[in-house]
Every structure is written in structure tokens, then in C-alpha cells.
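The values are calculated or read from the model by the stated rules, or taken from the named source; none is laboratory data. Owing to the predicted nature of the structure, the values given are computational and were not obtained by experimental measurement. Cβ sites come from the backbone with ideal geometry, for glycine too, and all protein chains shown count toward neighbours. In case anyone asks, the SASA skips ligands and DNA or RNA and just uses the protein heavy atoms, side chains included. Shrake-Rupley method; radii C 1.70, N 1.55, O 1.52, S 1.80 Å.
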Amino acid sequence: MRSGLRRLLFPGQRELHFCKEKQARRKLLLAKVVELGARVDVYRSNCRQGEERARQECLARLAEDLLDLKGHRLVLDSRQDRDFLDAHTIRRVLDKYPEQSRLVYEHCASFDEPLLWLADIAAWCTGAGGEWARRAAPVIGSVIRLDWP
């Protein structure tokens, strides 16, 4: 999957960042990601109380779900000076389940981990809705809505 994603880069391009791509290229990239057989679960919350709070709610649920699945590794796109907020949230979840906390996590730059590009593509398409959500449907595994009653 990583090598397939890297092959989608233009010469000299270090990463895929979907919102920076032109519409025709987005369509091509998404079609290629579908061909690769990628599957992404999307965690969604409303931002009424701020984007950061919504992110941390989603991250807490993701960490709990990974523990349930006996996941071992979580890689997050680094936001540099805000990485500590993610670490605090994950640590809070892991502390609730000390016997299950074999999960390790790290932040890295998106150009170092091509699988992060999948999350970017899935989130962008889900957020855009309409035609983009339809095109991305084969890639989207589940949409976990934390803002659903």
C-alpha cells in the first residue's frame, strides 16, 4: 500500500495533500486509492465546541477501538506544538485499561508515512460530501459519528 501510494507522487513531490490538488488530479488519485483496496474508518464529531475538542473526542474513541481490536500501533500526523494534546488524550485512555495498553503511538510528518495520506483523502471526501463521498464510498469502511444522538 505504501509503495502504491508513493507511486502516485509527481517527481519532487513529497506527500499527497488532497486539498492542495486540482479537481482532475483528485479524481485520479481517489480512483487509484480505490484500486489499491484501501479501507479507512472515519471518526466524526461536531466542532461546535471547537475543532481541537472534536479531534480529541475522536482520538479518544479511536484509541478505545484500537484497544478492543488489540491494535499495537497508532501513527498520527504531527501537528508539532499540539502533539502533546493528542498524547495526553491517548495516555488518558490507556491509563483506564492498563492491562490492555500494549498500544504504542507516535506522531510523524506526513511525508514520512504515506498511509497518513489515506486519512487525509478519506476525511476530505467525507467532509465534502456529494459526489466526493460517493466516489470515496469503496474506501470508507465505517463512519463513527460521535455527534449522533
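The table for this structure:
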| item | result |
| --- | --- |
| Odd one out for Arg82 among (1) under 16 Å from the mean Cα position of the chain (by Cα); (2) under 19 Å from His107 (Cβ atoms); (3) open to solvent by 50 Å² or more (accessible area, probe 1.4 Å); (4) of a type outside the set (S, T, N, Q) | (1) |
| Cβ-Cβ under 7 Å pairs, at least 6 apart or on other chains, segment 36-55 side among the acidic types (Asp, Glu), far side in a strand (DSSP E or B) | Asp41/Gly141; Asp41/Ser142; Asp41/Ile144 |
| Any hit, segment 46-53, residues being within 14 Å of Arg135 (Cβ to Cβ) and small (Gly, Ala, Ser) | no |
| Lys70, sole failed condition from (1) in contact (Cβ under 8 Å) with a residue 40 or more places away in the chain; (2) over 20 Å from Ala133 (Cβ atoms); (3) open to solvent by 50 Å² or more (accessible area, probe 1.4 Å) | (1) |
